Each structure stands twice: as C-alpha cells, then as structure tokens.
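Here the structure is laid out as structure tokens; the discussion comes afterwards.
The values are calculated or read from the model by the stated rules, or taken from the named source; none is laboratory data. Bear in mind the structure is a predicted one, so any value in this text is a computation, not a measurement. With ideal geometry, Cβ positions are generated from the backbone for all residues, glycine too; neighbour counts draw on all protein chains shown. Calculation scope for accessible area: heavy atoms of the full protein, side chains included, ligands and nucleic acids excluded. Shrake-Rupley method; radii C 1.70, N 1.55, O 1.52, S 1.80 Å.
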Amino acid sequence: MNILLINPPNCGRSIPQEKFGFEFTPKIFRGEPLALEVLAGNLEGYETRILDLKAQEETLADVISEFNPQVVGFTCLTCEANTVLRLSREVKNWKRDITVVVGGIHVGNDPNFFNHSAIDYVVIGLGKASFRDLVSALEENKSPLTIPGVAKTNPSGNLSFIPRQYSREDLVESSAPRFDLVDKYRNHYIIQSLQMNMGFVATAFGCPNNCSFCSLAHIIGSRYLTHSTDCVIRDIKLLGNIPIIRLVDANTFGNAQRAKELCQALAKANFQKHFIIDACADTVVQYPDLFREWKQIGLHTVIIGFEEINNILLSEWKKKNTVSIISQAIKILHDLDISMVGDFIVSPDYSEENFQELARFVEENKVQLPVFTVLTPLPGTPLYESKKNKIVIHDLDYYTLTNAVTLTKIPEKEFYSLLTDLTTRFYSKATL
Ligand code: B12
Ligand code: SF4
C-alpha cells in the first residue's frame, strides 16, 4: 500500500492587506512537517512519501499520478481547513477510490468541519497509533470504526467515534520520526534572519495549563504527555549536524523535574547545538536555575506567551501570569543572556491607548522579538464558546491569528494601522 502524507501550502488571508494594503506579517520561521514525519515513523511496511507544499509548489495531480497512493493523509491547522477541503476534492476528482484522511490541530478541535464527502476518515488528537491502526484495517478489509480516535465521515449525519484515552503509549516511542522523507526540502527549513538550518523535535504533547484561547490544551483532555529522554536524544541525533533544534512542544518545561532530567541527558550527549523551546513566564520565575542549566547546554531562545499586560484579562483567560511575573521572567532571561520571542495577544477591544501601553511595556522591558497576534476565538476552545455570538468573520481562511474576526472597538482601519506600526516598529529592531 502506498501512502502519501501532505503538508498543505502556506495559506490564510489577511484583512489588513486585502482591505487596507498594509503589509505586516513577516515570516520568521519555516519548518518541517514533524506531524507527518512522526506518523510515517509508525508505518513500517508501507511505501510512504511526504509532500510538503509549504516548502515547494508541486502539482498534486502529478505526484498522485506518479506515486499512485491508496491512502492520502492531510495535516491541518485552522486557517488551512478550507484549503485541505479543496485539495481533498482534487484528490477525489482525480481518483475516487483513494482513501482521504485528515488529522491535525483543527481536526482535534473541530472534527465536524471535515464531515464531508471528499474526506473518508478524520483522526482526532494524537494520530500515530490511530493512523497506523486505520491503515492496517483498510489493508486487511476490517472495519476501522472501533479504532479509538478514528471517525468515518457521514455527511448526511453526525460524526461518531470512540474517544481515545490518551496515555504515553500513544506517543509510540519505539518508532522514530522519518526525517529522511523530507530530505529534498531540508534547505527550506531555515531561520531566515540567521540563515541557519533548523530541525524540529517533540519532547512532549499537550500542556498542564488550561488557557481559554489555546487550541493545544484541550485536544488530549488537558493531559501532558512527555517523551522519554532516550527518545529525545535519539531524534536529535537523527537530525545529524543541523545546528538549531526547535523543541516544538506546547510547553517544553511543563514538568520542571522532567525538564531537569532532559537537561542532564542533553549535557551528557554534548550536542553543541542551539535549542529553542517554549516555556511559561511563571516557570521562569519559579525555576530560574533550570534555565541557567539549560543555557549551559545550548538554550538559545525561549518562546514565551506573555499574552497581555492587563491582570484582569490574564486571569479571565486562565493564564497563570500576572504583569509582575512577566516582568520578572523577562529580567531573569536577560540576566541569563537567553533570547526571547515574546507572544502578545492584541484584543479587538484595544483602544489607541492600549496599543501605546503595550508598545511602552515591550520597549521598557526590552523584549527582543515581540510577536503580536490578534485574539481569535479558535473553534473548539473555551474562548470560542464565550465569543461565538460576537464573531463576524466565519471564513476560516482568516483564522491566522493576525485578523480580528470579532468587531474592533476603534475603526477597523485604525486598529490595523496601529497593529502594523507596532509590529514593524519592533520587528525592524529585533535581534535574536
Ligand atoms: C512548527 C509550527 C509551525 C511551522 C511548521 C508547521 C508545518 N506543518 O509545516 C510553521 C512555522 C510553518 C507554522 C506556521 C503557522 N502556524 Co504554527 N505551529 C507550529 C508548532 C510550534 C508546532 C507544530 C508541530 O510540529 N507539532 C508537533 C506535532 C508532532 O504535533 P501535531 O502537529 O499536533 O501532530 C499530531 C496530531 O495533531 C496528529 N496529526 C497531525 N497531522 C495529522 C495528519 C493525519 C493524516 C493524522 C492521521 C494525524 C495527524 O498526529 C500527530 C502526531 O501524533 C505549533 C505549536 C505547537 N506546539 O503545537 C504552532 C501552531 C500549530 N501554529 C499555529 C499558527 C496559528 C500558525 C500560522 C497561522 C502562523 C501565522 N500567522 O503565520 C502559520 C500557518 C501556516 C500557513 N498555513 O500559512 C497555531 C495553530 C492554531 C490553530 N488552531 O490553527 C499553533 C497551535 C500555535 C499557536 N499559536 O497556538 N507553524
Ligand atoms: S500555557 Fe501555553 S500551551 Fe499551555 S494552555 Fe496556556 S497558551 Fe496553551
């Protein structure tokens, strides 16, 4: 059986660009489709290929005609949902009997979106075990309907499936990601500002926290599953001499003890690489020594969701931060000489004064690379439930976290003009 795994092309639409001609979302990172490499790792015995349409434009029909897959699997974020539906239709138009499967973050949050005749199965949540079981069932002509996390589409009715009870076994650590399947795209996976290659490794899945806007926390029921240190070391080794390793976890330091053990294992392995991780501000403040130790083994940049500089909103969003914790975390990282990418969420309710306050905070605290997104009620999140009646833009192409999909308080043009100013002002000075 031939299996083609597809990373959809860069997509998503921009209101500030389309409506007002503003250009403000610089692309900083590009990266390998780790989800697909992970799935492929558990497909021993099958001929598997990855088509990365973000890295390189290729014609789907040509690839399908040459490779002749029996199964096509798409990974999918929210802003990619329409594109994946369109590509699934293309696959079906080309050859009706190809089995089309969709998985990924948007499926985990809103599986019903894909209950469509161009799609055969959706895989909800962690897919490594479910997808393997699905493919085996298809090959053996058995019913896949009893596989937890797998739903057969039923456009005239509702999706039904047995939810997976996630445990560490779902990470299927015995099989490594198939990094080799993206060899031909490897030169595209660079940090543009440094012109250096970057590889992705997962050390955990999920997050122990529960922020209301986050589409990662709820997919596996607020569990936090960690990979063994041996598995992380193996995957870094498999990436060879790539100098920068991005640990693409929702929260790399979600368990401080385990983050310490991982640090010791990395020290022993003596990789001489730069690491980029995701962590929370309160973790920095609670465990500064952990960050000091990680700095010694190559921690270069921490990506950190500061989100807001308003304590009421932080608490409303169930973020564990306060403005004081954020300032302390920034100071600790500066003292340790660790770079930071600071994520801030701009609410459509922002006034001009709010924009100015945020700019002042970023300036005074010297956040090296601030990234400003717009508060977006992503389907499947608690924020979506509380805001769904206020949503004015339902087209998921705009759910890139750079558009206001609820009404802005100040005139829309002014909102995007201030957002563009904020982004360009700090981006032009950014050093990492
Ligand atoms: C790396 C990354 C990227 C990379 C590479 C992604 C790629 N596929 O090429 C780049 C830089 C390109 C990127 C871009 C963007 N990203 Co991004 N990205 C991530 C990040 C940090 C890690 C994703 C990852 O590799 N996870 C590890 C893998 C192993 O986990 P996984 O993807 O969940 O896969 C598992 C399951 O979901 C499932 N599964 C996944 N796919 C499939 C497919 C099948 C067939 C099956 C069966 C199962 C399955 O099984 C997998 C293994 O168990 C996440 C945050 C995070 N920590 O998850 C944000 C994240 C996914 N990105 C996000 C966003 C918003 C974006 C952008 C829109 C940002 C922007 N404004 O430009 C763009 C969109 C790209 C586009 N289409 O234009 C959001 C998505 C929110 C949402 N609900 O859609 C996230 C969650 C971050 C956040 N702020 O919340 N991103
Ligand atoms: S800490 Fe980060 S990953 Fe965890 S729930 Fe909050 S926003 Fe999501």
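Computed about its Cα centre, the charge dipole of the chain is approximately 320 debye, with only Lys, Arg, Asp and Glu carrying charge at their Cβ. Computed over every Cα-Cα pair of segment 189-427 and binned at 10 Å starting from 0, the pair-distance distribution P(r) comes out as 7, 30, 35, 22, 6, 0 percent.
For the full complex of protein chains and a 1.4 angstrom probe, list Tyr287, Tyr224, Tyr399 by accessible area with the highest value first. Don't jump to the answer; show the numbers that get you there.
Working: Tyr287 90, Tyr224 45, Tyr399 10 Å².
Putting Tyr287, Tyr224, Tyr399 in descending order of accessible area: Tyr287, Tyr224, Tyr399.
Its DSSP H runs of at least 4 residues, each contributing -39,500 (n - 2.57), put the calculated 222 nm mean residue ellipticity of the chain at -10000 deg cm²/dmol, to the nearest 500. When you restrict to C-alpha pairs under 8 Å that are six or more residues apart and normalise by the size of the chain, the relative contact order lands at 15 percent. Normalised by the number of residues in segment 1-86, the mean separation of alpha-carbon contacts (under 8 Å, six or more apart) gives a relative contact order of 59 percent.
Amide H contacts for Val371 (H built 1.01 Å from N in the peptide plane; partners 5 or more residues away or on another chain; cut-off under 5 Å): Gly342, Asp343, Phe344. Defining a contact as two alpha carbons under 8 Å apart and six or more residues distant in sequence, what relative contact order in percent does segment 1-145 show? RCO, segment 1-145: 27 percent. Rounded to the nearest whole Hz, the Karplus-based 3J(HN,Hα) values (6.51 cos²θ - 1.76 cosθ + 1.60, θ = phi - 60°) of segment 162-173 follow the sequence 8, x, 7, 8, 5, 9, 4, 4, 5, 7, 6, 5, with x at glycine and proline.
For segment 2-166, the Cα gyration tensor yields ellipsoid semi-axes of 27, 19, 16 Å (square root of five times each eigenvalue, largest first, whole Å). By a 1.4 Å probe calculation restricted to protein chains, Arg258 has an accessible surface near 20 Å², given to the nearest 10. Given their separation in residues at 0.36 nm each and the Cα-Cα distance between them, Ile312 and Gln286 gain 7.2 nm when the chain is fully extended. Backbone phi angles across segment 49-56, fed through the Karplus curve with coefficients 6.51, -1.76 and 1.60 (θ = phi - 60°), yield HN-Hα couplings of 10, 10, 10, 9, 6, 7, 7, 8 Hz in residue order; Gly and Pro are listed as x.
Local charge sum around Leu239 (other residues, Cβ-Cβ under 15 Å, Lys/Arg +1, Asp/Glu -1)? Mind dumping the intermediate values first?
Working: positive: Arg178, Arg186, Arg234, Lys237, Arg246, Lys273; negative: Glu32, Glu37, Asp180, Asp183, Asp235.
Overall, the nearby charge balance is +1.
Projecting label points 7 angstrom from Cα along Cα→Cβ for Arg86 and Lys388 puts them 2.6 nm apart.
Annotation: extensible slack from Asn210 through Val323 equals 38.8 nm (criterion: 0.36 nm per residue apart, minus Cα-Cα distance).
Comparing Asn158, Asn141, Asn82 in a Gaussian network model of the chain (Cα springs below 10 Å), the most mobile by mean-square fluctuation is Asn141. What the Kirkwood sum gives for the chain is a hydrodynamic radius of 22.6 Å, with every pair of different alpha carbons counted. Take every DSSP beta bridge whose two residues both sit in the chain; close to 20 percent of them are antiparallel. Length gained on full extension, Asn112 to Glu23, computed as 0.36 nm times the residue gap minus the Cα-Cα distance: 28.7 nm. Solvent-accessible area of the chain (1.4 angstrom probe, protein heavy atoms only): carbon and sulfur portion equals 48 percent.
By the rule of a C-alpha distance below 22 Å, with chain neighbours fewer than 8 residues away ignored, the lysines paired with Lys152 are Lys92, Lys95, Lys128, Lys142.
Heavy-atom accessible surface of the chain, averaged per residue, reaches 43 Å², computed with a 1.4 Å probe.
Backbone geometry of segment 335-349 corresponds, through the Karplus equation with coefficients 6.51, -1.76 and 1.60 at θ = phi - 60°, to 3J(HN,Hα) couplings of 4, 8, 6, 10, 6, 9, 9, x, 8, 10, 9, 8, 7, x, 7 Hz, x marking Gly and Pro.
Please compare each pair in Lys54/Lys387; Lys184/Lys273; Lys19/Lys390; Lys319/Lys366; Lys320/Lys409 to a cut-off of 25 Å on the Cα-Cα distance and tell me which ones are over it. Going by Cα-Cα distance, Lys54/Lys387; Lys320/Lys409 fall outside the 25 Å limit.
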